[in-house]
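The values are calculated or read from the model by the stated rules, or taken from the named source; none is laboratory data. Since the structure is predicted, the reported quantities are computational estimates derived from the model, not experimental observations. Counting neighbours? That spans all protein chains shown, and the Cβs are built from the backbone with ideal geometry, glycine included. Each accessible area value is taken on the protein alone, full model and side chains, heavy atoms only, with ligands, DNA and RNA left out. Shrake-Rupley method; radii C 1.70, N 1.55, O 1.52, S 1.80 Å.
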Amino acid sequence: MSQKTRADGSARERLQAQREKEKARARRGRQAKVAGAVVVVLAVAAGIALWASSTGEDKSAPVAAPKGATGGDKPMVTVGKKSAPSTLQVWEDFRCPACKQFETGFRSTLHELEDSGQLRTDYHLALLIDGNMGGKGSLNAANAALCAQNGGKFREYHDVLFSSQPPEQQDRYASKKYLIQLAGKVPGLVTQDFRSCVQDGKYNGFAQKSQEAFQNAGLQGTPSVILNGKNIFADPSAQVTPQKLKQMVLDANKKK
């Protein structure tokens, strides 16, 4: 067995193990929240995520969307050429450890496929960990990433957030000051417009709408990764590695 094969297998196993931990944690969090009569209930193990918000926001009010993003019932940010023959939908939460495992293992492959025009990646931002663990890090980080999208630097800042992800129990992304500090790692991102966007929570509504879309999609948890309509991690026996994902994309594109 080659060193690369062992590395791919190890990364895949870590991702699967982390996803199982996330599901177990979601079950525990759900039970505790029901007992405490709080407003958030997660039923991830059953494929149902219910989100009750007490913010008092007007759900009928128009939702602001950053430049180049897609609103509607399934808000998303697209990375890569929209004309790419294959589409990868990625549902992620910036506080989610399993999402970091996925991004760490698959990032370079996704970048290669996106930059070569083979793949477009549609990112949908979920807020599960805020509901499960408490806090506002998922929401504030999602808003900050959308502010970066408005400045044309979503992918760069998205990668910084996952690379810098704090331990799940530490809601450090609740700090808008820290999110702006991290943005300094992306050349040209920190402007007065970006700072104001982060501080004001300009795209909170967009992020919350994306969370609603996650609930309505009936997905099991984050990350959920869907290639051309197929959830590639739904079956653990499929053993999807970065190299296998690349081949799946190339094979699919030959048929188009």
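Annotations for the structure displayed:
- Nonpolar atom fraction for segment 68-196, defined as the carbon and sulfur part of the 1.4 Å probe accessible area, stands at 46 percent.
- Across all Cα pairs in segment 124-256, the calculated P(r) in 10 Å bins from zero up to the longest distance comes to 11, 35, 32, 18, 3 percent per bin.
- Take segment 104-204 with all the other protein chains still there, run a 1.4 Å probe, and you get 39 Å² of accessible area per residue.
- In the complete set of protein chains, residue-level accessible area for residue 79 is approximately 20 Å², probe 1.4 angstrom.
- Label-point separation, residue 74 to residue 247 (7 Å along Cα→Cβ), nm: 2.8 nm
- Applying 1/(1 + (r/R0)^6) with R0 = 22 Å to the Cβ-Cβ distance of residue 232 and residue 67 gives a FRET efficiency near 0.15.
- Alpha-carbon centroid distance for the pair segment 200-248 / segment 125-194, whole angstrom: 18 Å
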